[in-house]
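Visitor: Following this message is one structure expressed as structure tokens.
The values are calculated or read from the model by the stated rules, or taken from the named source; none is laboratory data. Since we're looking at a predicted model, the values are computed, not measured. Note that we place each Cβ from the backbone using ideal geometry, even for glycine, and neighbour counts take in every protein chain shown. Side chains are part of the model used for accessible areas, which takes the heavy atoms of the whole protein and leaves out ligands, DNA and RNA. Shrake-Rupley method; radii C 1.70, N 1.55, O 1.52, S 1.80 Å.
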Amino acid sequence: MAKALVVVESPAKAKTINKYLGRDYKVIASMGHIRDLPKSKLGVDVDNDFAEEYVSIESRKKVIKELKDAAKDVSDIYVATDPDREGEAIGWHLIQELKGKRRKIHRLTFNEITKKAVQDALKHPREIDEKMVDAQRARRVLDRLVGYKISPLLWDKVRRGLSAGRVQSVALKLVCDRERAIEAFVPEEYWNIFARLAGPQPPEFEAKLLKRGGEAIKVVNEEQSKSVLADLEGAKWTVSSVTTKERKRNAPAPFITSKLQQASRFPVKKTMMVAQQLYEGGIEIPNLAGGLITYMRTDSVRVADEALTAVRDFIKTTFGDEFLPEKPNVYKSKADAQDAHEAIRPTSLEHDPETVKQYLTPDQYSLYRLIWNRFVASQMPPAVFDETTVDAIAGGYVFRVKGTVPKFAGWMATYGLTPGEDAEAKDKDAEAKEGDDDGAVSGVLPPLSEGDPLELKTLRPEQKFTQPPPRFSEATLVKELEENGIGRPSTYASIIAVLQDREYVNKIEGRFKPSALGRMISDLLATSFDDIIDVDYTRSLEDDLDKIEQGKTNYSKTLAEFYKKFKKDLARAGKEMIDLKKGIEIGEACDKCGSPMLKRVGKFGLFIACSAYPDCTNTREVEQQEPESENGEEEIEPCENCGKPMAMKRGRFGQFLACTGYPECKTTRKLIATKQGGLRAAKPDQVLDEKCPRCASNLVVKQGRYGEFTACTSYPECKYVKHKTTGVKCPKDGESAGGEIVERKSKRGKVFFGCPNYPDCDFVLWNRPIVEPCPKCGASFLVEKITKRHGRQLLCNNEECDYSRAEELPETA
């Protein structure tokens, strides 16, 4: 029987740690938090030092019972939850449930899940850090006060189902403010003029107009552009100066959470999910009994001495002495970094990405490779370039070109380890060039000296317009939140998810645009709760939470100062906030009855309605996310039944297109999500000449949730759907009914294979059948199975037959 209980957060983590400990330890996962504030009420006594009322989470009651049963007969309990505020708070809640007179409770923390790290933690247990717990409790109560006090106000003034969060509302304001800046932006015309020149030796190069008469020149219209071209007609071109400078580009620091979220090609939520898999150690890899990376929620760039020694040995062995700095590179964390644990790095330099690739999913490999390369590069010397600047003069005008030649690869050599693995280095190069407006950029320049004659090949004027600030992507929104000190690495994914779930923002081509509802909510909050959604104020609250953890202030004092003003704002908002349920006049008369039109909020968002309702039911939609095509220029086809235009509508299941001839014409069309995250209009139904084999009606090509499919036009009377056939007869009723196994999709979109005579015949396969009899048992077909480890295999579907063979994947796969 176990003498000690170890409690971690996840089953994967429990499974890994269990490998390191003997029979005297029982490892159980708490599945995260086991207690929280109640959902049905505030759960915070604002008149009694903000005392909380915690209750067991319903879905964790079974886990709590298992933990209590396991704790009955042990002498020691080790709380080994994640090494951050949230993990400390989970540990504190566990202790409240499991403490007993005869049990000693210890706190274990480790930055990586390896045997050495876990065993070292067991040798140095500590007590729960009450200050860390207080900081997390304060954050939870702040969020609860804002959410549970403002949200009901929005339900009363706008509609039920809306929410306002302390950090969420600030993020929404950032998105809305950016959209206003885009709308207010007035593009300005300007012209670049390039000269393609040839020196005494090849290659030719292109220089950009920079100065006239010794002063910077800005060409703002076509007329000025033509004037410059006229001045240069017949001019003599000469090299006026050549300067070469050595330029160094330092290695980037190892990843912290926010930088990893920005560099990853995945959405923030997926980045953290994949990183969690790499950290917890649930991946079966030979000679690896733990996780591949250190803890993935951190804002520190600090690296342990042991890891620095290991990476320096790796660099020396792999790249040579010239790629090893004399001393380790040291990076400075942000001033407000908690520095609780290290930067994100590999746990061992023995498991490089290419070695473990076969055991990882493509997503895991991609993220692990990104972390590995960044860490190795961070301890290498700067990349060195020779940057040459050439000025060419003609008719009093100066044209400039810059050429950069690599001199020493330095840290960029890391990205050459694998073909194509220099992508991040290229990104860094692009960042360095961005905004460089003092000349054209060329790769390699010909040898040139001052006074060399140049031959003009062509003059190329280029019309340009200044661009508005771009909308936020997930990566740039995280960067904005981080730079403004809003939220923490662990909260960015949930902030973005809530904004989308509440339909406050839409994602168009991978970037966030506030919906009409989101802008209205942001405006209402800005008017009534200017502090709550103020960036500086929110940053100061984050600082206050840090001070609680540092012992410079306390839980009740911080909350009391916040609530004193918040209570007044709340009371004022209850009286002064605009009541959108009654509607806002928009200065427009109803085109049916002449009554004022109102902007209102309904179940499916904002709409315009007649104030004379219910006597007049005139309504129309407010701006919604517009559909887009593959090339971004959507021309919505008119109604295929009556020829009238199709218009955006919002219903129970989201946005769709509907005929403007409603109610006489009730044609609708789906909107389909694009790869960029926007929407595009589905193609109109296409009626075919082919007849339904069941009822002889025409078949029609329709657009469904999972793509195009062909069905009977007599639906719902006839529910025939034409499926892709495999050519393999159903072994149950294929001979009698002539049915061939077809490709089908489950409700969740997963492909499977079954008899076309379902539900009369229930034969199904999860693997694709192949028209080839089994050479061993004579079964009528084989099945195809494709896995990451074994590739493509052909197997016999007969359970009593073990025939299998490996096959190359078809070229079309």
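Visitor: Name every residue in region 357-393 that is modelled with pLDDT of 95 or more, of a type in the set (V, I, T) and not in a strand (DSSP E or B), in order of residue number.
Guide: Passing the criteria: I371, V376.
Visitor: If you check K259 against the conditions, is it touching a strand residue (DSSP E or B) at 6+ places or on another chain (Cβ under 9 Å) and either open to solvent by 60 Å² or more (accessible area, probe 1.4 Å) or assigned to a helix (DSSP H, G or I) (or both)?
Guide: Details: touching a strand residue (DSSP E or B) at 6+ places or on another chain (Cβ under 9 Å): yes; either open to solvent by 60 Å² or more (accessible area, probe 1.4 Å) or assigned to a helix (DSSP H, G or I) (or both): yes.
Judged against the criteria, K259 is a match.
Visitor: Another question about this same structure. Across region 339-362, what is the number of residues that are charged (D, E, K, R) and under 19 Å from I256 (Cα atoms)?
Guide: Our first condition is that a residue be charged (D, E, K, R); within region 339-362, this holds for 339, 342, 345, 350, 352, 354, 357.
Narrowing further to those that are under 19 Å from I256 (Cα atoms): 339, 342, 345.
Residues that pass the stated criteria total 3.
Visitor: If you scan region 527-564, which residues turn out to be closer than 30 Å to K157 by Cβ, open to solvent by 40 Å² or more (accessible area, probe 1.4 Å) and among the polar types (S, T, N, Q)?
Guide: Residues satisfying the conditions are T527, S540.
Visitor: Let me ask you something else. Can you give me the number of residues within region 228-251 that are open to solvent by 10 Å² or more (accessible area, probe 1.4 Å) and under 49 Å from the mean Cα position of the chain (by Cα)?
Guide: Final tally of qualifying residues: 12.
Visitor: Scan (1) under 21 Å from G602 (Cα atoms); (2) open to solvent by 60 Å² or more (accessible area, probe 1.4 Å); (3) not aliphatic (A, V, I, L, M) for the single condition G161 breaks and write down its number.
Guide: Against the list (1) under 21 Å from G602 (Cα atoms); (2) open to solvent by 60 Å² or more (accessible area, probe 1.4 Å); (3) not aliphatic (A, V, I, L, M), G161 comes up short only on (2).
Visitor: Of the residues A392, A377, which is hydrophobic (A, V, I, L, M, F, W, C), within 30 Å of E246 (Cβ to Cβ) and touching a strand residue (DSSP E or B) at 6+ places or on another chain (Cβ under 6 Å)?
Guide: Numbers: A377 fails: touching a strand residue (DSSP E or B) at 6+ places or on another chain (Cβ under 6 Å).
Answer to the selection: A392.
Visitor: Need the failing condition index for K13 against (1) within 33 Å of the chain's Cα centre (by Cα); (2) more than 26 Å from K123 (Cβ to Cβ); (3) among the basic types (K, R), just the number.
Guide: The failed condition is (2).
Visitor: Would you be able to tell me the number of residues in region 102-116 that are surrounded by fewer than 20 Cβ atoms within 10 Å (Cβ to Cβ) and farther than 26 Å from R137 by Cα?
Guide: Qualifying residue count, region 102-116: 3.
Visitor: Okay, next question. Of all residues in region 262-275, how many are in contact (Cβ under 8 Å) with a residue 60 or more places away in the chain, open to solvent by 50 Å² or more (accessible area, probe 1.4 Å) and in a helix (DSSP H, G or I)?
Guide: Initially, region 262-275 is screened for residues in contact (Cβ under 8 Å) with a residue 60 or more places away in the chain, giving 262-272, 274-275.
Then drop every residue that is not open to solvent by 50 Å² or more (accessible area, probe 1.4 Å), which leaves 265, 267, 269-270.
Then keep just the ones that are in a helix (DSSP H, G or I); that gives 269-270.
Count: 2.
Visitor: Follow-up question, since we're still on this one. Any residue at all in region 26-39 that is on the phi > 0 side of the Ramachandran plot and of a type outside the set (G, A, S)?
Guide: Within region 26-39, the subset on the phi > 0 side of the Ramachandran plot is 31-32.
Filter again for of a type outside the set (G, A, S), leaving 31.
Checking region 26-39: at least one residue is on the phi > 0 side of the Ramachandran plot and of a type outside the set (G, A, S).
Visitor: Looking at region 450-477, which of its residues are polar (S, T, N, Q) and touching a Gly at 6+ places or on another chain (Cβ under 9 Å)? Let's see the steps before the verdict.
Guide: Filtering region 450-477 down to residues polar (S, T, N, Q) leaves 458, 463, 466-467, 473, 476.
Hit for region 450-477 is S473, nothing else.
Visitor: I've got another one for you. Given (1) farther than 29 Å from T553 by Cβ; (2) open to solvent by 20 Å² or more (accessible area, probe 1.4 Å), identify the lone condition not met by A121.
Guide: With (1) farther than 29 Å from T553 by Cβ; (2) open to solvent by 20 Å² or more (accessible area, probe 1.4 Å) applied to A121, the lone miss is (2).
Visitor: Which one is nearest to E86 (Cα to Cα) among residues in region 461-478 that are buried (at least 17 other Cβ atoms within 10 Å of the Cβ) and out of contact with any Lys or Arg (no Cβ under 8 Å at 6 or more places or on another chain)? Let's see the steps before the verdict.
Guide: Kept after step one, since they are buried (at least 17 other Cβ atoms within 10 Å of the Cβ), are these residues of region 461-478: 471-475, 477-478.
Then keep just the ones that are out of contact with any Lys or Arg (no Cβ under 8 Å at 6 or more places or on another chain); that gives 474-475, 477-478.
Working: E474: 23, A475: 23, L477: 23, V478: 20 Å.
So the residue we want is V478.
Visitor: Exactly one of these conditions fails for L679: (1) modelled with pLDDT under 70; (2) surrounded by fewer than 18 Cβ atoms within 10 Å (Cβ to Cβ); (3) hydrophobic (A, V, I, L, M, F, W, C). Give me its number.
Guide: Of (1) modelled with pLDDT under 70; (2) surrounded by fewer than 18 Cβ atoms within 10 Å (Cβ to Cβ); (3) hydrophobic (A, V, I, L, M, F, W, C), only one is false for L679: (2).
Visitor: Condition test on V498, is it open to solvent by 10 Å² or more (accessible area, probe 1.4 Å), assigned to a helix (DSSP H, G or I), out of contact with any strand residue (DSSP E or B) (no Cβ under 7 Å at 6 or more places or on another chain) and in contact (Cβ under 8 Å) with a residue 40 or more places away in the chain?
Guide: Working: open to solvent by 10 Å² or more (accessible area, probe 1.4 Å): yes; assigned to a helix (DSSP H, G or I): yes; out of contact with any strand residue (DSSP E or B) (no Cβ under 7 Å at 6 or more places or on another chain): yes; in contact (Cβ under 8 Å) with a residue 40 or more places away in the chain: yes.
Taking the combined requirement at face value, the residue satisfies it.
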